[in-house]
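The values are calculated or read from the model by the stated rules, or taken from the named source; none is laboratory data. None of these values were measured; they are calculated from a predicted model. Please note: Cβ atoms are built from the backbone with ideal geometry, for glycine as well, and neighbour counts cover all protein chains shown.
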Amino acid sequence: MPVIFNSPAQLRWVVIVSLLMSYSWLEAQEPTIIYIGDPMCSWCYGFAPEIEKVKEALPNHAFEVVLGGLRPNGTETMADLGEFLKHHWQEVHERSGQPFNYSIIGNENFILDTEPGSRAVVAARTMDSTISLSFFKAVQHAFFVENKDMRAESTFTRIAQDFGLDTVQFKQLFNQEEIKYETNNDFQLASEMGIRGFPSVVIRHNGQLYLAANGYRTAEDLLKTIEQIRKE
């Protein structure tokens, strides 16, 4: 059975509710699908086709992306994590079939900081909430396939341009303190919801939060779980 989130302390639950109240999808018709992930999370990248299938299969469900914060403001480099990531990516590829470009593994100076990529998704979401998942996937592609610099503003501005967004406005938002704050709010929300691994999918239904997935799952399995939750 899916897990209903219950806070172990009343104060903690008040914090969760206050965070949730800042999100427009709280007012959406239920159920709401909440996808929690990070654009530089390899299993989130492997999961990308599956969550897209789920979204397409349930067009009448509200769908929102929450940035989980895998390594925000990280300082570790490929010199530190390259070999670990190489084996990890191979495992994800074998399971999901998603393509990886391993060239970046050899760039020992590449810093694994996931905050800018997450912030770019928040900036795009602010401009057009309907493209949140598509933009998220484009940032994933920029990292795992194109091996772009994930700390460079230009990486995300190019993606914004591909989506037809006003690049001047996008750059302004990307660098705004308000967007940095909102990105951190996403990280905090994921933590307060009890999410400890990505990708995760939470379903909000009848005033409750249900954990539908914590880790990679196929769309078929996830849709069955969502249907079960709807019958609760």
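Scanning segment 35-85 for residues that are closer than 17 Å to residue 129 by Cα, charged (D, E, K, R) and surrounded by fewer than 19 Cβ atoms within 10 Å (Cβ to Cβ) yields 52, 55, 56.
Among the numbered conditions (1) in contact (Cβ under 8 Å) with a residue 40 or more places away in the chain; (2) in contact with a Pro (Cβ under 9 Å, 6 or more places away or on another chain), the only one that residue 180 does not meet is (2). For segment 211-232, a tally of residues being touching a helix residue (DSSP H, G or I) at 6+ places or on another chain (Cβ under 9 Å) and basic (Lys, Arg) returns 1. Within segment 208-222, the set of residues being surrounded by fewer than 21 Cβ atoms within 10 Å (Cβ to Cβ) and in a strand (DSSP E or B) comprises 208, 209, 211, 214. For segment 182-207, the set of residues classified as surrounded by fewer than 18 Cβ atoms within 10 Å (Cβ to Cβ) and either modelled with pLDDT under 90 or assigned to a loop (DSSP other than H, G, I, E, B) (or both) consists of 196, 197, 206, 207, listed by residue number.
Within segment 94-106, the set of residues being closer than 24 Å to residue 155 by Cα, in contact (Cβ under 8 Å) with a residue 40 or more places away in the chain and surrounded by 14 or more Cβ atoms within 10 Å (Cβ to Cβ) comprises 98, 100, 104. Given the structure, is residue 147 surrounded by fewer than 19 Cβ atoms within 10 Å (Cβ to Cβ), of a type in the set (S, T, N, Q) and in contact (Cβ under 8 Å) with a residue 24 or more places away in the chain? The answer is yes for residue 147.
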